[in-house]
Each structure stands twice: as C-alpha cells, then as structure tokens.
Amino acid sequence: MSTECEPLLLDTNAAIALVDAGHALHQAVSRVVRGRPLGLAGHAAFEFMRGLTIAPWPVRRAPAAVRRLIEVNFPETRFLEARDQAQLVADFASIGLIGGAVYDGLVAACARAHGLTLVTCDKRAQSRYEALGVDYILVTDAATAS
C-alpha cells in the first residue's frame, strides 16, 4: 500500500471525475487524492486527452488546455519503459485480456512498473487490475472516500 507522500496514479475515469466538478464522483475522488502528488498512469494520459477534447460542452477542452491540465494537475505522470512493455503481450494473453481491456492492462502495467497505487472509478477494471497485481483504490461513491 502507498504511503501519504508517494504519488497516486489515476486512470482515465478517475482523472476525468477529478477535473469535472459536475461529475457524480468528483467529490469522492477529490477526497481520496487530497494532499497527494498525482499523475496519470501511462496510456491514461492519452485517453484523458481524447476524452476531454471530444466531451460535450462545458467539459470539452482544447488540446492545449488538456496539456496544461496534465502538466499542472498531474505532474507525477508516469509512462512504461520499453523494457517494461516487452513482456506485456504475453502477460495480457495469459490472463485473457481482450478488446478495450488491453488498455486497462496498459494503465495497470504502468502503475505496477512504478510501484504506485492506481486510483479508479471503473468497477469493470477491478478484476483486470487484480490479475495484473497492481495496488489500486476503487472509488465508487462518496462512502468510498470516507
């Protein structure tokens, strides 16, 4: 488990909930991450950019604004090194990841490679994160963050 000073890495849905004050889980995610250094977990940075640049108004942001959001709000963003990626196809195949779950796998693998806890709001990703041995916090409602 992470310590109070270690960064937390967020997956896409947790990051969007954090920056969108109108999101149903905004307050819950805010409480979980309060006071902690934050980053996005690898591939989540690209998904975050995609999501915010196509979101409906008023959540939608220009690409330059998303870049700034990442730099300011998620300065501890981490990415996989090439050596960490080499084994992933075999790892994902061994646990049966298919379709979009492969992207959850990339996010989990990044957190695992850096030894950091991942914050998510995605119940579907929970089994994938567990299968890949990543430490995570699942935020599902206000009670999660109490």
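No lab work stands behind these numbers, since they all come straight from the coordinates. The structure displayed is predicted, hence computed values, not measured ones. All Cβ positions, even for glycine, are placed from backbone atoms using ideal geometry, and neighbour counts span all protein chains on display.
The table below lists the values:
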| item | result |
| --- | --- |
| Relative contact order of the stretch 16-122, defined on C-alpha pairs under 8 angstrom at six or more residues apart (%) | 27 percent |
| For the stretch 84-105 and the stretch 1-76, distance of Cα centres in Å | 23 Å |
| Helical contribution to [θ] at 222 nm, DSSP H n ≥ 4, -39,500 (n - 2.57), averaged over the chain, rounded to 500 | -13500 deg cm²/dmol |
| Positive-end residue of Gln27, Leu9, Ala113, charge dipole of the chain with Cβ unit charges | Gln27 |
| Val102 versus Glu6: modelled label distance in nm, points set 7 Å from Cα along the beta carbon direction | 3.0 nm |
